[in-house]
C-alpha cells in the first residue's frame, strides 16, 4: 500500500448533510397519455463517504412529493404521490467544484391521492408499494463552504401500477440545494 493512498484515506472524512428543493414530476408509460408536470418538493438527509481522491459514495433518504396532472372528459385530475426515496449515488468530484453522479434509487410509497372535480380519493391501492428508478445528476459545490446545488433526473425503471395490464412509470426532474456539515476541503 503506498504512502499516498494511506494519507488520502486518513485525511478523508465522512460528512453528513441536508438537502431540499423542487420536483417537476410526471408519469410515463404505454398507458399514460396527456400527463402534465406536477410541481412538488423533496427534502432529507445524505451521507458523503469518500472512496478515492475524486470519488464518493452518497446514500440519501428523501421525502419526495411526486405525481402528475391531466384532463379526462374535460375534468382536471391531479395525482399526488408521496414517496420516501433512498438513492445511492456514485459521485465524481472535480477540483473546480463541479460533480456528476449516478446510481440506483428505491422508493417507498407513503400515500397516493387523486383529486378530481374538487373531490379527493385515496388511490394508494392502485399503485405498488415500491418503485425502482435510476438517478443521473450534475451539480456544483462551493469550495469555500460545504453548500451547493444539484440538478437530477430520476427515471422510473419499474411499472408502479398495481392493476392488470397497466404500464406506468415515474419521471422526476429535481433541482436542489444541499449543505454538508463538517470541515471544508482545503
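Counting only strands (runs of 3 or more DSSP E) that sit completely within segment 113-186, those holding 2 or more residues that are more than 21 Å from residue 103 (Cβ to Cβ) and out of contact with any helix residue (DSSP H, G or I) (no Cβ under 8 Å at 6 or more places or on another chain) correspond to 119-122. Number of residues in segment 1-35 that are farther than 20 Å from residue 105 by Cα and modelled with pLDDT of 90 or more: the value is 2. If you go through segment 148-172 and pick out every residue that is surrounded by 14 or more Cβ atoms within 10 Å (Cβ to Cβ) and more than 21 Å from residue 105 (Cβ to Cβ), you end up with 1. Restricting attention to segment 96-123, the residues that are more than 13 Å from residue 66 (Cβ to Cβ) and either touching a strand residue (DSSP E or B) at 6+ places or on another chain (Cβ under 8 Å) or crowded, with 16+ Cβ neighbours inside 10 Å (or both) total 17. Scanning segment 39-56 for residues that are modelled with pLDDT of 95 or more and more than 18 Å from residue 180 (Cα to Cα) turns up 39, 40, 41.
Exactly one residue out of 143, 87 is at pLDDT 95 or above and either over 20 Å from residue 28 (Cα atoms) or surrounded by 14 or more Cβ atoms within 10 Å (Cβ to Cβ) (or both), and it is 87.
The values are calculated or read from the model by the stated rules, or taken from the named source; none is laboratory data. Only a predicted model underlies this, so the values are computations on that prediction, with no experimental measurement involved. As a convention, Cβ positions derive from the backbone with ideal geometry for all residues, glycine included, and neighbour counts pool all protein chains shown.
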